[in-house]
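The values are calculated or read from the model by the stated rules, or taken from the named source; none is laboratory data. Not measured: the values here are computed from a predicted model. Note that we place each Cβ from the backbone using ideal geometry, even for glycine, and neighbour counts take in every protein chain shown. Note: accessible area is taken over every heavy atom of the protein model, side chains too, but ligands, DNA and RNA are not part of it. Shrake-Rupley method; radii C 1.70, N 1.55, O 1.52, S 1.80 Å.
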Amino acid sequence: MSRYSEAIRTVFRGDLLEQEPLSLHTSLKVGGPADIFAIPLDVSDLKSLVRTLDEQHIPRLVIGGGYNLLVRDGGLRGVAISLEKINHLSVRQVEEIRAEAGGRNIDLARLAEAHGLSGLEFLVGIPGTIGGALRMNAGAHGGEIFDHLTSLELLSDEGILSYDKKTLKYGYRRLQLDPNKIIITANFQLAAVSREVISSAMDACLQKRREAQQIRFPNAGSFFKNPSGQAAWELIDEAGLRGMTVGGAQVSEVHTNFLVNRGGAKAADFLQLAAYVKEKVFAASGIQLEEEVRITGED
């Protein structure tokens, strides 16, 4: 038993996995081990865990559903936290939904659909969890998750506090958040619309995704942000990088803003491939691409 787990087990009721390969918990299927992988049972369990980690000065990172995340091959020191059991979704007052961070995007979209509430249809095609979607202000088909957000409840040193959307700093594929704060709950204000209209919009989102993103290999979704007025995939394609391979990592032959694991890839392959893509795109267009995926861990 590691010194980390000894400190945690006295207060923690959830699951603790030691030297857990993060390749098992990320959509790219790469990444070295976390010293500890913790799955709190509920919000109270999470609060106890975070308090203990901070008192012991043990590093921590919430990894969400593992989408949009690249963990280096050396893994993660400290504790990786999954909120998969903090996943309650509920319709509250009229046209309002409360969603915990560990809930799945597709489940939130379907709940809104079932109650005739419009605004989150695009989430039906975005894999991963609500917390992860909020952390990067995920979006598709002209919509973003912050469009209908009213407030966030965040865990910090002061406990769980509510933050009105107007007090948050966010933009295209980003939420500026103190790294010590953890998203617990999001509140959304939606619009009452017929279920038929919502279902039709969701079907259209899924159809567009199927047509443009029929990716057969593990991936993290869009690897690079779209520069203003540009599409990253077009810049990558124009630089002649479709199908480019480093080790087991490849620029997808289907959608060039997807870097895929063709089998046996290492995180280092993706990092080298991403650097090469950025270099060649800049040489061809003068535009500097920026990663949309979050990169963490040790080499």
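Values as computed for the structure displayed
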read-out: Subset tally (residues that are basic (Lys, Arg) and surrounded by fewer than 17 Cβ atoms within 10 Å (Cβ to Cβ)) for region 225-242; value: 1
read-out: Candidate set from region 208-222 (those that are under 20 Å from Leu108 (Cβ atoms) and assigned to a helix (DSSP H, G or I)); member that is nearest to the chain's Cα centre (by Cα); value: Arg209
read-out: Complete set of residues in region 246-268 that are β-branched (Val, Ile, Thr), open to solvent by 10 Å² or more (accessible area, probe 1.4 Å) and free of Cβ contacts under 8 Å to residues at least 40 places away in the same chain; value: Val246
read-out: Hits in region 133-159 - residues which are closer than 15 Å to Pro179 by Cβ and touching a residue at least 40 places away in the same chain (Cβ under 8 Å); value: Leu134, Arg135, Met136, Leu155, Asp157
read-out: Filtered residues of region 101-125 (kept if open to solvent by 30 Å² or more (accessible area, probe 1.4 Å) and not in a helix (DSSP H, G or I)); value: Arg104, His115
read-out: Boolean, His57 is under 20 Å from the mean Cα position of the chain (by Cα) and surrounded by fewer than 16 Cβ atoms within 10 Å (Cβ to Cβ); value: no
read-out: Qualifying residues in region 49-70 (those that are among the hydrophobic types (A, V, I, L, M, F, W, C) and in a strand (DSSP E or B)) - the one farthest from Ile183 (Cα to Cα); value: Leu70
read-out: Breaking point among (1) open to solvent by 10 Å² or more (accessible area, probe 1.4 Å); (2) modelled with pLDDT under 95, for Asp42; value: (2)
read-out: Selected residue (criterion: surrounded by the fewest Cβ atoms within 10 Å (Cβ to Cβ)) from residues of region 160-189 that are more than 21 Å from the chain's Cα centre (by Cα) and in contact (Cβ under 8 Å) with a residue 40 or more places away in the chain; value: Ile160
read-out: Among (1) surrounded by fewer than 18 Cβ atoms within 10 Å (Cβ to Cβ); (2) outside any helix (DSSP H, G or I), the one test that Phe282 misses; value: (2)
read-out: Some residue of region 219-226 being under 30 Å from Ala34 (Cα atoms) and at pLDDT 95 or above; value: yes
read-out: Meets criteria (part of a loop (DSSP other than H, G, I, E, B), more than 20 Å from the chain's Cα centre (by Cα) and over 24 Å from Thr26 (Cβ atoms)) for Ser200; value: no
read-out: Region 71-100 - residue that is polar (S, T, N, Q) and assigned to a loop (DSSP other than H, G, I, E, B) and, of those, least open to solvent (accessible area, probe 1.4 Å); value: Ser82
read-out: Check on Gly31, closer than 17 Å to Gly103 by Cα and either open to solvent by 20 Å² or more (accessible area, probe 1.4 Å) or under 22 Å from the mean Cα position of the chain (by Cα) (or both); value: no
read-out: Extreme residue, farthest from Ile215 (Cα to Cα), among residues of region 130-145 that are open to solvent by 20 Å² or more (accessible area, probe 1.4 Å) and in a strand (DSSP E or B); value: Glu144
read-out: Filter result for Gly65 (under 14 Å from Gly102 (Cβ atoms), surrounded by 19 or more Cβ atoms within 10 Å (Cβ to Cβ) and not hydroxyl-bearing (Ser, Thr, Tyr)); value: yes
read-out: Members of region 223-269 that are part of a helix (DSSP H, G or I) and among the acidic types (Asp, Glu); value: Glu234, Asp237, Glu238, Asp269
read-out: Ser222 closer than 25 Å to Ser285 by Cα, among the polar types (S, T, N, Q) and either in contact (Cβ under 8 Å) with a residue 12 or more places away in the chain or surrounded by fewer than 15 Cβ atoms within 10 Å (Cβ to Cβ) (or both); value: yes
